[in-house]
Amino acid sequence: MSLNYEILAPAGGMESLYAAVRCGADAVYVGGKSFSARANADNFTDEEMKQAAEYCHLHGVKLFRAMNTVIFDSETEDFFRAVIYSAEIGVDGLIIQDTGAAALARAAVSEMPLHASTQMTIHTPCGAMEAAKLGFCRVVAARELSLREIRRICDTGIEIEAFVHGAQCMSVSGQCYMSAVIGSRSANRGQCVQACRLPFSAVDGSTDGDRYDLSLKDMSYVERVKELLNAGVFSLKIEGRMKRAEYTAAAVTALKDSILGDRELPDDMKRLRAVFSRSGFTDGYLSGRINRDMFGFRRKEDVESAKDVLPQLSQLYRNEAGIGKIHFLCTLKAGEKSRLDFSVNGISGSVFGAEVQRAVTRPTTAEDVIKCLSKLGGTAYKFGEADTDIEDNAMLPISALNALRRSAVEYIDREIISGNTPIYSISRNMPSVRERSDAVTESPAIWVICRNAALVPCVAGTSAEKIIIPLDEFERLDFEGGYDRFAVMPPAFTFDEGRMTDRLMNIYKKGCRQLWCENIAHIRIAEDIGMATLGSPRLNAANSYACDEYGKMGIMSLCVSAELRAGQIRALKSPIPIGIYAYGRMPLMLTVNCPIKAQAGCRHCTGAVTDRTGRKFPVRCCGEYTELLNCDFLDVLDRLEDFGKIDFALVDLTEEISEAQAAMLAKGCDVRTELPHGERYTKGLYYRGII
């Protein structure tokens, strides 16, 4: 079977870019100094980005730019200009998370290929198809998928990029708010402090620093890449823009060897583990073996093992990658300009140099010319052959011959780069965003997430405008008052989208006509079923363009990102009603590998993980995934006026809430004195913001 694929390598700086290209990567992805989800990598200045594009295109390699952070309204003009600059220097595609950012990119450069970042949490066929509808030509699939689930997404026909080696977070990408809530450094903004790599215990409720129950080993599917290719994956992605060039060289080389079978793969894997690992590697998600074996952390011996392999790995990319052999014809005639004709890989041309003199002492010989022309070290070319047409007594200084050779190489470089650089049509007119003319002036309505069906009667007896119920609970619900105010919340992550859709259709038949959308796949499912759509804060809408875009996608009302400051929310423009997450234990992580199940087993569930300070973070079981909740309650019900003309305030009733408290909260009342002793409150990020 002939395999069509791309090896996609990371580069946090120019040395890593050289390593990727020289070791045989087909494409490289980099970040600029802004809008990169790896803000702590070296990243590229505008001039370095231009150099990177030229270097990649010289070698027939594509360059993708990661602009995969959520953006704020204050940054939209800079983002728009950055997209235009990327087009001007010939970047081959943009990796984007934010739907508003994607809309800006399409407006600036309509032909620019857009790749849906893994931060968009796309893990099902409907998610991939909705991304295609948004204008994305490629989807970076979630890391948590098995081979069977990856194949299902590939069957949609959209180009799929899958991570095959590198770090994997405990949380599903795009659904982690722990770093933001704990330290104001948002993973959705490229500033993650990797809190999950710190000591946490899921076993005994305390930690002395020797348990790392939220830290996963790095993934490695290097030995199984042919299975991925046969499943339909096109782009094999290596994680690691913050890692050194030797790591990139090792990973690209190992992937090539695995696909082509050129060398012994065990040796490659040994080097890969030595250059960087966390107690080894795992293929747990791909294999469907989600268990304790997937956990690991960086040990002293892992760090020390790198020193022995770095010198040999640096040799892999020491020399320039060869493009082809140049054939020359040098013509030297006294009184005329020197001329050098050349050809390589179908490119031919001529350059002219200094005027040829008559020899006073020693004329220039064919041997002199060939010796100069063969000095191609440091270039991407090798010397093929050289013919000469030298008039008797013609003389050209060696320095002029060298200049002639350099001019020829520069000419060839320009031709190859030009041939591999895309040309785009650019619009410099920023699009406007739609805005409602009927924004509310009174107090916002109360929307309630009722996670326990038993609380529904007391909540329904209040004036709460919407009552949102998880699918599992809705299926158990028998409510006689009608479902006009109700919305069903599907699982935020599922491995069986077809079965989930069938269950939602039954809810629709039951009388519920509204779907709470936790990811973009749900928008498509709702459209197919005929349900109205409400947008969850998990959609990470952080700017006016995102609000506008979700409105175009059919979202009727949208709960904006809880990572925004109150002032930023107040300034948002939106064509659809918007609201905020106002009360509850904010979910900090969505994880497919439950830390408690992995470490202790469900029979010994502690219900929480504990950090090194003794703080307990509740863990909510959601069937196919779990949610790690904040240790403190978020409550801004007493400050709703600070958010401007929002339409609703979302109240999230967690399991410990009583019926009396639920009824009070559904009315927007302060119940702090009613909660269990010792519970703490926070205003979240609404006043301190994120970096």
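So which residues in the stretch 74-91 are part of a loop (DSSP other than H, G, I, E, B) and either open to solvent by less than 10 Å² (accessible area, probe 1.4 Å) or not hydrophobic (A, V, I, L, M, F, W, C) (or both)?
GLY90, VAL91
For the stretch 227-243, give me each residue that is at pLDDT 95 or above and open to solvent by 20 Å² or more (accessible area, probe 1.4 Å).
Once the filter is applied, which keeps residues that are at pLDDT 95 or above and open to solvent by 20 Å² or more (accessible area, probe 1.4 Å), the stretch 227-243 yields GLU227, ASN230, GLY232, PHE234.
Report the residue count in the stretch 92-122 for those that are in a helix (DSSP H, G or I), in contact (Cβ under 8 Å) with a residue 60 or more places away in the chain and not aliphatic (A, V, I, L, M).
Of the residues in that region, 3 qualify.
Please specify each residue of the stretch 497-517 satisfying the condition of being open to solvent by 10 Å² or more (accessible area, probe 1.4 Å), outside any helix (DSSP H, G or I) and within 19 Å of VAL139 (Cβ to Cβ).
Correct list: empty.
Yes/no matrix, rows are residues, columns are (1) under 15 Å from LEU228 (Cβ atoms); (2) touching a Gly at 6+ places or on another chain (Cβ under 7 Å):
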residue: ALA82; (1), (2): no, yes
residue: SER86; (1), (2): no, no
residue: VAL91; (1), (2): no, no
residue: LEU94; (1), (2): no, no
residue: LEU114; (1), (2): no, yes
residue: LEU134; (1), (2): no, no
residue: ARG148; (1), (2): yes, no
residue: ILE160; (1), (2): yes, yes
residue: HIS165; (1), (2): yes, no
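Within the stretch 45-68, can you find the residues that are open to solvent by 10 Å² or more (accessible area, probe 1.4 Å), assigned to a helix (DSSP H, G or I) and touching a helix residue (DSSP H, G or I) at 6+ places or on another chain (Cβ under 9 Å)?
Within the stretch 45-68, ASP46, GLU48, LYS50, GLN51, GLU54, TYR55, LEU58 qualify.
Only one of these is of a type in the set (Val, Ile, Thr), open to solvent by less than 20 Å² (accessible area, probe 1.4 Å) and not in a strand (DSSP E or B): VAL139, VAL172. Name it.
Residue meeting the stated conditions: VAL172.
Suppose the filter is over 29 Å from ILE259 (Cβ atoms), open to solvent by less than 20 Å² (accessible area, probe 1.4 Å) and not in a helix (DSSP H, G or I); does ILE71 pass it?
It is true that ILE71 is over 29 Å from ILE259 (Cβ atoms), open to solvent by less than 20 Å² (accessible area, probe 1.4 Å) and not in a helix (DSSP H, G or I).
Only residues in the stretch 529-558 that are at positive phi and part of a loop (DSSP other than H, G, I, E, B) count as the first member; pair them with residues that are charged (D, E, K, R) and modelled with pLDDT of 95 or more, Cβ under 8 angstrom, at least 6 apart or cross-chain, and list the lot.
Matching pairs, first to second residue: GLY530/ARG513; ASN540/ASP98; ASN540/GLU563; GLY554/GLU527.
What's the total number of residues in the stretch 271-298 that are of a type in the set (Lys, Arg) and under 17 Å from LYS243 (Cβ atoms)?
4
Kindly establish whether LEU640 is out of contact with any Leu (no Cβ under 9 Å at 6 or more places or on another chain), touching a residue at least 40 places away in the same chain (Cβ under 8 Å) and either of a type in the set (Phe, Trp, Tyr) or part of a helix (DSSP H, G or I) (or both).
yes
Let me confirm something: among ALA608, ALA663, which residue is among the small types (Gly, Ala, Ser), open to solvent by 10 Å² or more (accessible area, probe 1.4 Å), in contact (Cβ under 8 Å) with a residue 60 or more places away in the chain and out of contact with any Ser or Thr (no Cβ under 9 Å at 6 or more places or on another chain)?
Within the list ALA608, ALA663, the selection yields ALA608.
Could you list all residues from the stretch 521-532 that are open to solvent by 10 Å² or more (accessible area, probe 1.4 Å) and of a type outside the set (Lys, Arg)?
Within the stretch 521-532, GLU527, ASP528, ILE529, GLY530, MET531, ALA532 qualify.
Could you go through the stretch 590-604 and let me know if any residue there is in a strand (DSSP E or B), open to solvent by less than 30 Å² (accessible area, probe 1.4 Å) and modelled with pLDDT of 95 or more.
There is at least one residue in the stretch 590-604 that is in a strand (DSSP E or B), open to solvent by less than 30 Å² (accessible area, probe 1.4 Å) and modelled with pLDDT of 95 or more.
So that you can scan it fast, the table gives a plain yes or no per residue for (1) part of a loop (DSSP other than H, G, I, E, B); (2) of a type outside the set (Ser, Thr, Tyr); (3) free of Cβ contacts under 8 Å to residues at least 40 places away in the same chain; (4) farther than 30 Å from CYS602 by Cβ:
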{"position": "GLU304", "(1), (2), (3), (4)": "no, yes, yes, yes"}
{"position": "PRO311", "(1), (2), (3), (4)": "no, yes, yes, yes"}
{"position": "LEU316", "(1), (2), (3), (4)": "no, yes, no, yes"}
{"position": "PHE328", "(1), (2), (3), (4)": "no, yes, no, yes"}
{"position": "SER338", "(1), (2), (3), (4)": "no, no, no, yes"}
{"position": "GLY349", "(1), (2), (3), (4)": "no, yes, no, yes"}
{"position": "ALA354", "(1), (2), (3), (4)": "no, yes, no, yes"}
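Restricting the stretch 393-444 to residues that are within 15 Å of LEU340 (Cα to Cα) and assigned to a loop (DSSP other than H, G, I, E, B), which is most open to solvent (accessible area, probe 1.4 Å)?
Residue satisfying both the conditions and the ranking: PRO397.
Being open to solvent by 10 Å² or more (accessible area, probe 1.4 Å), small (Gly, Ala, Ser) and not in a loop (DSSP other than H, G, I, E, B): is that true of ALA131 here?
No: the conditions fail for ALA131.
In this structure, does ARG451 turn out to be open to solvent by 80 Å² or more (accessible area, probe 1.4 Å), over 28 Å from the mean Cα position of the chain (by Cα) and within 20 Å of GLU656 (Cβ to Cβ)?
no
Taking the stretch 607-633 as the search range and keeping residues that are among the aromatic types (Phe, Trp, Tyr) and assigned to a strand (DSSP E or B), which one is modelled with the highest pLDDT?
The extreme case among them is PHE617.
So in the stretch 297-328, with the set limited to residues that are in contact with a Phe, Trp or Tyr (Cβ under 8 Å, 6 or more places away or on another chain) and among the small types (Gly, Ala, Ser), which one is modelled with the lowest pLDDT?
Among those residues, the one meeting the criterion is ALA306.
I'd like the full set of residues that are touching a Lys or Arg at 6+ places or on another chain (Cβ under 9 Å), exposed (fewer than 13 other Cβ atoms within 10 Å of the Cβ) and more than 30 Å from ASP268 (Cβ to Cβ), limited to the stretch 312-349.
GLY335
The values are calculated or read from the model by the stated rules, or taken from the named source; none is laboratory data. Just so it is clear, the structure is predicted and the values come from calculations on it, not from any experiment. FYI the Cβ positions are ideal-geometry reconstructions off the backbone, even for glycines, and counts take in every protein chain you see. Ligands, DNA and RNA are stripped out before the accessible areas are found, and what is left, the full protein with its side chains, is counted by its heavy atoms. Shrake-Rupley method; radii C 1.70, N 1.55, O 1.52, S 1.80 Å.
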